[in-house]
Amino acid sequence: MRMTTRRTRAAATVSAATAALLLAACGAQDVASESPTATPTSTASSPTVDPGPATPTTSSTTPSTSSTPSTTTSESETTTEEPTHSRTRTSTATRTHSQSPTEQPAPAASSTPSAAPSSSAGAGDDAEPSASSSSPSPSSSSSTQPPLSDDDGKTLAMGASGPKVKAAQERLQSLGYFVPAVDGSYGGGTRQAVYAIQKVAGLPRTGEIDKATQGAIDRGVKPQTRISTGIEIDLRRQILVVVQNGRPIKVMNASSGNGQTFTYPVKGDDGKTVTHTAKATTPTGTWTLYNERDELWKSTLELGTMYRPKYITGGIAIHGSPSVPPTPASHGCIRVTNAGMDWLWSSGNAKVGSTKVTVF
């Protein structure tokens, strides 16, 4: 009887121990295979938890999945054998943390499936912000940034537009350089104003705002005047300056006689045409404007047209032209732009009979 009791107790003890081991084994199996479910359940209780911890806990159980690499590689595509709710929660947390176009998290998780997953997943999350923060850095932006914008500190030229162009136009205008429109678009009128300040500053006449020209604009370079009131024409620098009380109030790019020899026909009283030769020079001196024509006047010497000319002496006039290069190019007259000539007419600073013009 006692022997039976002892055997029964021993059997009961063995069965109890066996049951405990079986329960422990099942629990371990649950943790190993369903760890994404168990771990996110604790994470799911606080959905606002930073996605960083969620990813390490998911990958911390990947050692069991490392024996099945297909599961690891498909993790980024959320097509695993884990329950949908736990996988969706984990992948959503990862996506919200790494929304950058470089798609770093997927390579980081799959590239080191056999390494310590928690550290590699953490590194993946940390690498994503660093990659996105390094993309605007100078080393990477030089290859990834779009072409020139007017705020890049580079040369501004014809066709450019934007706040920097407008700022340059405003500054040039405030200094007295003739800018027909402050509109943020780098057109011919802006180029003419840039020519003018480059000439005053002694810079190459490129018509573009490079670093040196921007420096002249920033410093507020203006021409020194020789007269108290009237119009000055500086043949060496090829600029026209309107002066009031010793101050330059308007500065324009100008183009005078180019010094070359040219021919022109003259009809005599007998009806015969005689060819004359002359040199394209602009005379120096001081005169008072004596005549004007409010029209597009065709030269009687068949030398082209003059827009709203105001005459200084003889046939030499200040007139508008669609072509005003930064160098001497005329037959002897002083060219400014048509818009500049309109300003001279409307401003009252070029009055026939009273406005003095000094050419030097």
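Counting only residues that are part of a helix (DSSP H, G or I) and within 34 Å of the chain's Cα centre (by Cα), which one in segment 320-360 is farthest from ASN291 (Cα to Cα)? Break it down into steps so the answer makes sense when it comes.
So in segment 320-360, the residues part of a helix (DSSP H, G or I) come out as 338-347.
Going one step further and asking which of them are within 34 Å of the chain's Cα centre (by Cα), we end up with 338-343.
Numbers: ASN338: 18, ALA339: 20, GLY340: 18, MET341: 15, ASP342: 16, TRP343: 17 Å.
Among residues in segment 320-360 that are part of a helix (DSSP H, G or I) and within 34 Å of the chain's Cα centre (by Cα), the one farthest from ASN291 (Cα to Cα) is ALA339.
Close contacts from segment 337-360, counting a first residue that is touching a residue at least 12 places away in the same chain (Cβ under 8 Å) and a second that is in a helix (DSSP H, G or I) and surrounded by 12 or more Cβ atoms within 10 Å (Cβ to Cβ), with Cβ to Cβ under 6 Å and a gap of 6+ residues or different chains, come to THR337/GLN192; ALA350/LEU344. When PRO265, PRO248 are checked against the criterion of being in contact with a Pro (Cβ under 6 Å, 6 or more places away or on another chain) and in contact (Cβ under 8 Å) with a residue 24 or more places away in the chain, a single residue qualifies: PRO248. The set of residues from segment 182-214 being in contact with a Ser or Thr (Cβ under 7 Å, 6 or more places away or on another chain) and more than 20 Å from PRO163 (Cβ to Cβ) comprises GLN192, GLN198, LEU203.
The rows are residues; the columns are (1) in a strand (DSSP E or B); (2) surrounded by 15 or more Cβ atoms within 10 Å (Cβ to Cβ); (3) modelled with pLDDT under 95; (4) of a type in the set (Val, Ile, Thr).
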| position | (1), (2), (3), (4) |
| --- | --- |
| PRO223 | no, yes, no, no |
| ARG226 | no, no, no, no |
| GLU232 | yes, yes, no, no |
| ARG236 | no, no, no, no |
| VAL241 | yes, yes, no, yes |
| PRO248 | yes, yes, no, no |
| VAL251 | yes, yes, no, yes |
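Just to be sure before I move on: is SER256 farther than 15 Å from GLY230 by Cβ, modelled with pLDDT under 95 and among the small types (Gly, Ala, Ser) in the structure I sent? For SER256, the condition - farther than 15 Å from GLY230 by Cβ, modelled with pLDDT under 95 and among the small types (Gly, Ala, Ser) - is not met.
Of all residues being touching a residue at least 12 places away in the same chain (Cβ under 8 Å) and assigned to a loop (DSSP other than H, G, I, E, B) in segment 268-283, which is farthest from the chain's Cα centre (by Cα)? Just the residue, please. In this case the residue turns out to be PRO283. Of all the criteria given as (1) under 28 Å from TRP287 (Cα atoms); (2) surrounded by 19 or more Cβ atoms within 10 Å (Cβ to Cβ), the one not satisfied by ILE217 is (1).
Within segment 268-284, the set of residues being out of contact with any strand residue (DSSP E or B) (no Cβ under 6 Å at 6 or more places or on another chain) and closer than 26 Å to GLY348 by Cβ comprises PRO283 only.
Restricted to segment 197-214, and to residues there that are of a type in the set (Gly, Ala, Ser) and closer than 27 Å to ASN349 by Cα, the residue that is surrounded by the most Cβ atoms within 10 Å (Cβ to Cβ) is GLY207. Among residues of segment 199-225 that are at positive phi, those with a Cβ under 8 angstrom from a residue that is β-branched (Val, Ile, Thr), sequence gap 6+ or separate chain, pair up as GLY207/VAL194.
Does TRP287 qualify as being outside the structural domain of ALA196 (by TED's automatic domain parsing), touching a residue at least 24 places away in the same chain (Cβ under 8 Å), over 17 Å from THR327 (Cα atoms) and not in a loop (DSSP other than H, G, I, E, B)? The answer is yes for TRP287.
Would you check if there is a residue in segment 293-307 being under 25 Å from THR225 (Cβ atoms), surrounded by 14 or more Cβ atoms within 10 Å (Cβ to Cβ) and of a type in the set (D, E, K, R)? Looking through segment 293-307, none of the residues is under 25 Å from THR225 (Cβ atoms), surrounded by 14 or more Cβ atoms within 10 Å (Cβ to Cβ) and of a type in the set (D, E, K, R). Each residue in segment 308-354 was checked for being surrounded by fewer than 15 Cβ atoms within 10 Å (Cβ to Cβ) and touching a helix residue (DSSP H, G or I) at 6+ places or on another chain (Cβ under 7 Å), and 1 pass.
The values are calculated or read from the model by the stated rules, or taken from the named source; none is laboratory data. As the structure is a prediction and not an experimental result, all values here were calculated from the model. Every residue, glycine among them, receives a Cβ derived from its backbone with ideal geometry; neighbour counts consider all protein chains shown.
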